[in-house]
Amino acid sequence: MARLEAAGRGWQVIGDVNFSSVPVLLSQARNLLKFCCDLNIDMAKVDHADSAGLALLLEWMDISRANGGAIRFRNVPESLLNIARVSNVYRLLPLE
């Protein structure tokens, strides 16, 4: 199961980011996104990601912006970036 953990000056996602893990990751991040102004999320330890993972990133962006914060993603898996390109939302992603 995927999880979100503190890592240095940000957070990291570990495991598979898919339809079964997204609800857990969304729940883990919801309070964090409400109280952090600027948040960096490293996805280097994501093993697999599907379109639900892309939806999760977009939702995290919305929650962060609604609370006056900013979020940045780094080491996003190429499979997820490809889905973003095909879905025409690649340019929306705040990538580092």
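FYI, it's all coordinate maths here, none of it is from the lab. If you're wondering where the values come from, they're calculated on a predicted model, not measured in any experiment. Glycine gets a Cβ as well: all are built from the backbone with ideal geometry, and neighbour counts include every protein chain shown.
Report the FRET efficiency, 1/(1 + (r/R0)^6), for Glu78 and Ala6, where r is their Cβ-Cβ distance and R0 is 25 Å, rounded to 0.05.
0.50
How much of the DSSP bridge set in the range 3-92 is antiparallel, in percent, rounded to the nearest 5? Walk me through the numbers on the way to the answer.
Details: 5 of 16 bridges.
Percent antiparallel among DSSP bridges in the range 3-92 is about 30.
Taking all pairs of different Cα atoms in the chain, averaging 1/r and flipping that mean, what Kirkwood radius in angstroms comes out?
After inverting the pairwise mean of 1/r, the radius is 13.0 Å.
Can you list which of the trypsin sites (Lys or Arg not before Pro) found in the chain are DSSP loop residues with at most 16 other C-beta atoms within 10 Å? Please list the in-between numbers first.
Working: sites: Arg3, Arg9, Arg30, Lys34, Lys45, Arg65, Arg72, Arg74, Arg85, Arg91; in loops: Arg9.
Here the sparse-neighbourhood loop sites are Arg9.
What residues qualify as long-range amide H neighbours of Leu95, i.e. H under 5 Å apart, gap of 5 or more or another chain, H built at 1.01 Å from N?
Here the answer is Phe73, since their amide H atoms fall under 5 Å of that of Leu95.
How large is Rg over Rh for the range 10-61, taking Rg from the Cα atoms and Rh as the Kirkwood inverse mean of 1/r across Cα pairs?
Here the Rg-to-Rh quotient is 0.93.
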